[in-house]
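The values are calculated or read from the model by the stated rules, or taken from the named source; none is laboratory data. These numbers come from a predicted model, not from an experiment. Neighbour counts run over all protein chains shown; Cβ positions are idealised from the backbone, glycine included. Areas reflect the complete protein model, heavy atoms only, side chains present, ligands, DNA and RNA absent. Shrake-Rupley method; radii C 1.70, N 1.55, O 1.52, S 1.80 Å.
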Amino acid sequence: MSTPRAARSPRRVALLGFGLVGACIIPDTNIQVQPNRTNPGTVRIVQAVALTSEANDACAEAPGFQVCPIPPDTVVPGLIEVENQAFCVCEGGRDANALGGFDIFVEDPDVDEDGEPRDTLLGAFLLDAVEGQEPLSQFLAYTNYFPTNRPAQPAVAGTYEQPIERPPTNLRSWTLGADTTVDLCNDNNGTPLSPGLHSLRLVVTDRPWPFPVEEEPDGRPSVDGDQFARDEQQEPLVGLPDTVGGASFDVVDFVFRCVDETTEEGANVCNCEEVSG
């Protein structure tokens, strides 16, 4: 890969710009990426959308369509909330108002010679992640609901299977809380959260979680044939997409609030239940 140019000071950039008024910008040419990587289609988190009546009318007039091909419903990124309910931290119990089970939908257009989906899609939740702090695995959360080694499975896409003027979606999904609720405030792998506002990032990728890349004595990545050499004696970097290995990825962010019965905010809205057994 081409080596980035050294950063220039603002004063030097200004002087260069003044002296080059009217000059052409010559782009870098003959750049070669090594090792070669091929991943033509990118993974994408599928979000529910709302359509206007005008959009529905246009789809009805499109050849071969009667309705617009829209994604299935799921939890919308941003603030997670349920009308007239609060998510509560329940001392030694569970929240009867916890979030109901839901699906996470993803798509990836890459297919093999038989037209079957080629890539394995994996995902992870990162709770209250702090930018710049590594490894990301310290922020992994809710693996009891969403195991980081469980691939997304083919999903029933309905009208969304064949979108307008683009390839089939190859829609896949994970189901969270299928037999129970998703108790965000009390059951992060059995651990309750503290009251307050929390951030939750969903990361999905179309390559396995990577092992760290081995380095040469001079700091350059070590290459083994046409692949980067990996240190498989270490733990995989779960939550970090393998962009070095050609992975694509997508992220969405959620926010939710936990309250408890000891605060004025939660005194009259919490609905805690004891855990039997």
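None of Val33, Val49, Val21 is of a type in the set (A, V, I, L, M), at pLDDT 80 or above and either closer than 29 Å to Asp250 by Cα or part of a loop (DSSP other than H, G, I, E, B) (or both) except Val49. In the range 94-125, the qualifying residues are those that are small (Gly, Ala, Ser) and surrounded by fewer than 17 Cβ atoms within 10 Å (Cβ to Cβ), and the one that is farthest from Val259 (Cα to Cα) is Gly115. Scanning the range 82-93 for residues that are surrounded by 14 or more Cβ atoms within 10 Å (Cβ to Cβ) and assigned to a loop (DSSP other than H, G, I, E, B) yields Gln85, Ala86, Val89, Cys90. Taking residues in the range 163-187 that are basic (Lys, Arg), and partners anywhere that are exposed (fewer than 15 other Cβ atoms within 10 Å of the Cβ), the pairs with Cβ atoms closer than 7 Å and at least 6 places apart or on different chains are Arg172/Gln153; Arg172/Pro154. Could you figure out which of (1) open to solvent by 50 Å² or more (accessible area, probe 1.4 Å); (2) under 30 Å from Val67 (Cβ atoms); (3) of a type in the set (Gly, Ala, Ser) isn't true of Gly190? Every condition holds for Gly190 apart from (2).
Of all residues assigned to the range 134-141, none qualifies as being at pLDDT below 95, open to solvent by less than 40 Å² (accessible area, probe 1.4 Å) and closer than 30 Å to Phe211 by Cβ.
Restricting attention to the range 158-180, the residues that are surrounded by 12 or more Cβ atoms within 10 Å (Cβ to Cβ), more than 21 Å from Gly101 (Cα to Cα) and at pLDDT below 90 add up to 9. Among the criteria (1) over 21 Å from Phe102 (Cα atoms); (2) loosely packed, with under 14 Cβ neighbours inside 10 Å; (3) modelled with pLDDT under 90; (4) not basic (Lys, Arg), the one Glu235 does not fulfil is (3).
Only one of the listed residues (Asp128, Asp206, Asp183) is charged (D, E, K, R), more than 20 Å from Thr74 (Cβ to Cβ) and at pLDDT 95 or above. That residue is Asp128.
Just one of the listed residues (Asp95, Asp128) is at positive phi and in contact with a strand residue (DSSP E or B) (Cβ under 6 Å, 6 or more places away or on another chain), namely Asp128. Of the residues examined, Ala55 is one that is out of contact with any helix residue (DSSP H, G or I) (no Cβ under 7 Å at 6 or more places or on another chain), of a type in the set (A, V, I, L, M) and more than 26 Å from Phe256 (Cα to Cα).
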